[in-house]
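Novice: Just passing along the structure, written as structure tokens.
The values are calculated or read from the model by the stated rules, or taken from the named source; none is laboratory data. From a predicted model like this one, the values you see are computed outputs, not experimental measurements. Don't worry about glycine lacking a Cβ; one is built from the backbone with ideal geometry, like all the others, and counts go over all protein chains shown. We work out accessible area using only protein heavy atoms, side chains counted, and drop any ligands, DNA or RNA first. Shrake-Rupley method; radii C 1.70, N 1.55, O 1.52, S 1.80 Å.
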Amino acid sequence: MWAELLPVGRSAASGGYRRFAWNRADAECRAWFEQQARDRGLHYELDRNGNQWAWLGDPAGEGAVVTGSHLDSVPDGGAFDGPLGVVSSFAALDELRDRGTALTRPLAIVNFGDEEGARFGVACIGSRLTAGVLAKEQAYELRDADGVRLPDAMERAGQDPTAIGADGDRLARIGAFVELHVEQGRYLTEEHPVGVASAIWPHGRWRFDFRGEANHAGTTRIEDRRDPMLTYANTVLAARKKAKLAGALATFGKVAVEPNGTNAIASLVRGWLDSRAADEATLTALVEEIGRAAAERGERDGVEVGLTRESYTPVVDFDGPLRDRLAARLGGVPVLPTGAGHDAGILASAVPTAMLFVRNPSGVSHSPAEHAEPADCLAGVTALADVLEDLACQ
């Protein structure tokens with residue numbers, strides 16, 4: 001399974017992946033998921049929000065145990081973030097069948113659409129729509145860098161965009177959701193290749209608009225310039241400093257410049273801030289401080305500064321009894337928080353949710369250097385199979 005997915009959407013130049021929502025690589029990943037489901041005799045289903053489901057047992061049954069993750073990527077992302085959870089889910093099902101496990105609850109594997117938000121700027125669109133966190137009207141306003149609207153992209157890919165929206169009936173039939181994911185840090189040790197998540201830090205994305213005045217780079221005096229690039233650069237440095245002082249994280253990883261000419265002073269710089277902290281008060285205060293720093297510098301530079309929150313996920317404490325049950329079933333493995341967002345975090349308000357992490361010795365994620373050893377991945381499959389067996393055989 002792993003070998004089949006490796007070439008899909010891979011850039012020959014960077015070695016990273018460009019599997020964005022509703023593009024060709026995404027379609028190939030979706031076709032792969034459907035084939036894996038049909039090869040196992042599972043009931044395949046595409047829901048109203050573009051999420052894929054593979055069912056063992058009655059999809060309409062109550063108390064279903066669901067596992068899975070996503071198959072899309074960030075720009076030039078790694079091979080493990082997302083796909084490891086989906087591949088491991090199919091492998092865990094295979095192991096349960098090899099064990100002769102008799103399930104008493106429906107079991108499903110899911111591939112949530114557009115988890116990374118690489119194309120339309122909002123993470124976890126598939127699960128957000130399902131949980132009602134992202135309204136249909138909001139989704140219809142989302143556009144990619146080329147101006148393509150989300151519903152138009154869905155329609156071109158064969159998905160009916162008129163049907164998207166909250167799917168409470170589906171969530172009500174789920175008794176537990178367990179997502180396996182590669183660790184996005186370096187906290188698990190060689191003695192513990194698998195861990196259990198305790199919580200997800202609150203996090204969000206904010207867009208800063210720095211508006212100045214376009215002019216000639218070679219003829220405009222320094223004192224006559226209204227250069228938004230200066231304000232942007234200062235804001236990036238301020239974000240780093242303030243995040244460090246707060247014990248939090250702040251990253252400007254995406255920027256757009258107009259008119260984007262080498263010999264032109266920019267008229268507009270847009271920078272996207274990703275910020276995360278251990279608690280919501282710290283995160284709120286941090287973003288406010290970064291915003292003030294941007295505005296103060298903007299006054300000096302003659303630049304107008306606008307700040308828009310594009311997405312936000314509050315702190316997620318995973319279901320305590322479920323978390324403790326998983327940790328106990330796996331022999332007291334480490335329980336640790338994460339700063340990364342996941343579909344599991346979106347669903348946690350509606351469904352008992354938990355996560356497993358597989359050790360990442362590199363500590364690198366969202367990069368082609370992302371890695372997990374085969375032995376650790378297999379340990380993750382066994383751990384997931386043990387957990388699913390425990391939950392679906394009650």
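Novice: Sort the range 277-317 into rounded, prolate or oblate with this rule: let a ≥ b ≥ c be the square roots of the eigenvalues of the Cα gyration tensor; rounded if a/c is under 1.5, and if a/c is not under 1.5, prolate when a/b is larger than b/c, oblate otherwise. Don't skip to the answer; put the middle values down first.
Specialist: On the way: a/c = 6.29, a/b = 2.38, b/c = 2.64.
Because a/c hits 1.5 or more and a/b fails to exceed b/c, the range 277-317 counts as oblate.
Novice: Per-residue counts of other Cβ atoms within 10 Å, averaged by peptide: what ranking do you get for 333-344, 316-327, 250-261, 84-95, highest first?
Specialist: Going by the mean number of other Cβ atoms within 10 Å, highest first, we get 84-95, 333-344, 316-327, 250-261.
Novice: Could you tell me the calculated FRET efficiency between Arg38 and Asn260, based on Cβ-Cβ distance and R0 = 51 angstrom, to the nearest 0.05?
Specialist: The value I calculate is 0.65.
Novice: If you don't mind, there's one more thing I want to ask. What relative contact order, as a whole-number percentage, does the chain give when Cα pairs under 8 Å and 6 or more residues apart are counted?
Specialist: On the way: 879 pairs, mean separation 88.1, N = 394.
Once normalised by length, the contact order is 22 percent.
Novice: Right, another one. Would you mind computing Rg(Cα) / (2.2 N^0.38 Å) for the range 34-103, counting N as its residues?
Specialist: Compactness ratio reported: 1.21.
Novice: How large are Rg and Dmax for the chain when only the alpha carbon atoms are used, in Å?
Specialist: Gyration radius and largest Cα-Cα distance of the chain: 22.2, 78 Å.
Novice: Considering only C-alpha atoms, what is the centroid distance from the range 138-190 to the range 65-126, in Å?
Specialist: 12
Novice: Send over the per residue convex hull volume for the range 87-154, Cα only, as a whole number of Å³.
Specialist: On the way: hull volume 6.9 nm³, N = 68.
Spread over its residues, the Cα hull of the range 87-154 gives 102 Å³ apiece.
Novice: Hey, any idea what % of the range 174-225's accessible area is carbon plus sulfur with a 1.4 Å probe? Let's see the in-between values first.
Specialist: Working: 1090 of 2390 Å².
Accessible surface attributable to carbon and sulfur in the range 174-225 totals 45 percent.
Novice: If you project the alpha carbons of the range 163-290 onto the principal axes, what extent comes out on each, in Å, largest first?
Specialist: In descending order, the Cα extents are 66, 44, 29 Å.
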